[in-house]
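The values are calculated or read from the model by the stated rules, or taken from the named source; none is laboratory data. Source: prediction; values computed, not measured. For neighbour counting, all protein chains shown are included, and Cβ atoms are generated from backbone atoms with ideal geometry for every residue, glycine included. For accessibility, only protein heavy atoms count, side chains too; no ligands or nucleic acids. Shrake-Rupley method; radii C 1.70, N 1.55, O 1.52, S 1.80 Å.
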Amino acid sequence: MPGDEPIRLLVDCDPGIDDAIMLLLLAHHHRRGDLVLDAVTAVAGNVPLDKTTRNARFVLDRAGLVDVPVYSGAAQPLARRHTEQAVAFHGPDGLGGLYGPDHGGIDGGDAAVEIVRRARAGVDGRRPWLLATGALTNVAIALALEPALADLLEGVVVMGGAFGAPGGNWRPWAEYNFYFDPEAARRVCESTLPISIVPLDVTERVVITEADAEAIDRRQGPSQLAADLLTQSIENHRRQMHLDGCLMHDPLAAAALVDESILRWVPRVVDVCTEGELAGHSFARTAHHADRGRRESHVALYVDVDRARATILNALGGD
Ligand code: RIB
Ligand code: CA
């Protein structure tokens, strides 16, 4: 995980409410100088690409990060044609009905090329981090464009997969991001990228409640949007999962970049099924000689729930 210097960060996401809350958390730490959010790329997932892209722009503008560029990416998975979207959790606009049209434009339409360009260029002589919280389609395409991508990135944090009891959230056996593009998830997990995976095993333990949302100081723009997004998400989780709160999948992955003590990692070889009914299923195992030196991923299997909740809520509560 990062050292003392503010990390330079590229984010690939599919806003969606929890991606949006993640962007607000990152914006808070960007403004404080704990990290530099250099660019955001969008991928189809929770809602179609045109909406994930404009939602990323809308949220960054609301957070005051009007100069952080947004690039659009893959509209479909590598090898499938999806019609499924997570509208039940994110609403038709992807932001629980909170999207507003008054925002800036986007900066380009080839996310994978932009990821490779920025990785090759580096920033002030340093390698950027990549945080991916949607389907891994853009990341897989970037890998195909630049096979040496692993040497050009400081690290890659992926929100996705499920390895223990949760099994899955979009199918009983598959987590949404890996289910949406299993071929991309497999290519990324089998690559040489230095990946840290934040699976449902830890994200489903971090719940934000109505009381948390009500305690957020709504006097500032970003906090107002954060509180409204949380309220919408709680309503959707209550209806879909009978949960008394909402799950912070993507914000937890971002929080781990801000505070290394939130998650604890174990080295695992991660496989993703791409065939038949179980497509999107992910499993983590210890390395085997038959793996012939395949790179292990870091998989987070422990979370300090109190610390995670505090980090997320402090960031959303405003400066
Ligand atoms: O399974 C949860 C993940 O899928 C989150 O990233 C959510 O935003 C969706 O993309
Ligand atoms: Ca997401």
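Just one of the listed residues (ASP250, ASP244) is open to solvent by less than 10 Å² (accessible area, probe 1.4 Å) and either outside any helix (DSSP H, G or I) or under 21 Å from VAL43 (Cα atoms) (or both), and it is ASP250.
Scanning segment 69-115 for residues that are more than 17 Å from the chain's Cα centre (by Cα), hydrophobic (A, V, I, L, M, F, W, C) and crowded, with 19+ Cβ neighbours inside 10 Å yields LEU78, LEU98.
Screening GLY168, GLY161, GLY134, GLY155 for residues that are open to solvent by 10 Å² or more (accessible area, probe 1.4 Å) and among the small types (Gly, Ala, Ser) leaves exactly one candidate, GLY168. In segment 197-214, the qualifying residues are those that are open to solvent by 20 Å² or more (accessible area, probe 1.4 Å) and assigned to a loop (DSSP other than H, G, I, E, B), and the one that is nearest to ligand 1 (Cβ to nearest atom) is GLU204.
Residues in segment 150-186 that are outside any strand (DSSP E or B) and farther than 21 Å from ARG268 by Cβ: ASP151, LEU152, TRP170, PRO172, PHE180. Return yes or no: is LEU49 open to solvent by 20 Å² or more (accessible area, probe 1.4 Å) and in contact (Cβ under 8 Å) with a residue 60 or more places away in the chain? In short, no.
Listed by first and then second residue, the pairs with beta-carbon distance under 6 Å, at least 6 apart or on different chains, first residue in segment 242-266 and at pLDDT 95 or above, second of a type in the set (Lys, Arg) and more than 11 Å from ligand 2 (Cβ to nearest atom), are ILE262/ARG307.
For segment 30-41, the criterion of being under 22 Å from ASN236 (Cβ atoms), open to solvent by less than 10 Å² (accessible area, probe 1.4 Å) and away from ligand 1 (no atom under 11 Å from the Cβ) is met by none of the residues.
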